[in-house]
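Here is the structure we will look at.
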Amino acid sequence: MTGSRAARWEVLVLVVQVALVVQVVLVVQVAQGFEFHRAETEAGQCMGDHRPTWKLYRMTNLGCLRQGLVLWPIDYKCYTLHGRGHPCMENQRLVYSDSPCPEAKCLGYASSSGLPCTGGQVSHHGDCVDPEDREQCGGELGRRLVPDMHGSYSCRCSRELGYSEWEGKCYVQYSQGPCKEGEQLEPGVGNPVCKMNPCDVGYFSAGDGFCYFVDTWVDFPGSEKLSQQEKTDRTELIKALLGEQAATFCTFCNEHCAKKTLEGECINTTLLPEVSPAGEEELLQTLALAFGLNSEEKLFVMGNTDFPFP
């Protein structure tokens, strides 16, 4: 009898242990299912959190992006990314929120001690600094404080000033740089690439069907932000291509036309070819996931197709 009771007790203990294991497995599965559902819900909030309709929000956002701007969800108008002033307060900048459903928000900057940055300054290594101060990046040619889509500043080669980064060094965009003879360094998508230059000597191609005179490396809107050392470096690049007796730049002289077609027709302009700012690829990828953009809509944002909506 005693042995029978002991046997029944062992069976009961075994049953309880099995039940506990089953409960643990069920709890883990439920928890995992909850995490998956929560993540799925967060990623899908883009469609449910915007009014009047998701389609209108999405279409308006794409229209702003096409212009290189960002949609402010309060008044549905387009504003400059990283811009100061309206719709933000004086020393805030307009950035994208770091979330599964990124949208524009106003970001203020402060030092590590909590003191607000003023006068257009931003946070960098715990201090409030002037983002235009090249000394913040060690004075290296072409390197400046550049913000990402969320407003965080770091030292990178400035595309605004016409630089591309290759193995840790800044080169003038569309110059030969580290490439082979007859090639030029192009910004590319994400990382710069070496491609053959189809233009005549003294000109570079921007992939838009035109050839640009190399003097535009020192004469373009925003060139006043170049340091004297950077201007000298670019002048030396031009001399190496055109010789010491390079002709003075002339907007309406066909001999040294600022911009011409691949066939040689002069367009007469001093503008540099437009280049996507650093981080735009990251921005497009992030928004493509959030908005569910198809390939045609991505091309629309990049300016390569007409509006893809009825």
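The values are calculated or read from the model by the stated rules, or taken from the named source; none is laboratory data. Just so we're clear, the structure is a prediction, and the values are computed from it rather than from any experiment. All Cβ positions, glycine included, derive from the backbone under ideal geometry; neighbour counts span all protein chains shown. Just so you know, the surface numbers come from the protein's heavy atoms only, side chains and all, with ligands and any DNA or RNA stripped out. Shrake-Rupley method; radii C 1.70, N 1.55, O 1.52, S 1.80 Å.
All distinct Cα pairs of region 122-239 go into the 1/r average, and the inverse of that average, the Kirkwood radius, is 15.1 Å. In the context of the full set of protein chains, residues of region 105-250 present 50 Å² of accessible surface per residue (probe radius 1.4 Å, heavy atoms only).
The Cα trace of region 81-171 gives Rg and Dmax of 13.8, 39 Å, the first to one decimal, the second as a whole number. Calculated FRET efficiency, Val201 to Ser227, Cβ-Cβ distance, R0 = 35 Å: about 0.80 to the nearest 0.05.
Per residue, region 57-102 exposes 48 Å² of accessible surface when a 1.4 Å probe is rolled over the protein heavy atoms with every protein chain present. Taking θ as phi - 60° and the Karplus parameters 6.51, -1.76 and 1.60, the scalar couplings of region 162-172 work out to x, 10, 10, 9, 9, 6, x, 10, 8, 10, 5 Hz in sequence order, x denoting glycine and proline. Taking the 1.4 Å solvent-accessible surface of region 44-133 as the whole, the part contributed by carbon and sulfur is 53%. The share of Cα pairs per 5 Å bin across region 75-134, counted from zero up to the longest distance, runs 4, 19, 24, 22, 18, 9, 3, 0 percent.
Remark: spin-label model distance Arg84-Asp219 equals 3.2 nm, labels positioned 7 Å along the Cα→Cβ axis. Between the amide H of Leu262 and those of Cys211, distances stay under 5 Å, these residues lying 5 or more places away or on another chain, with hydrogens modeled in the peptide plane.
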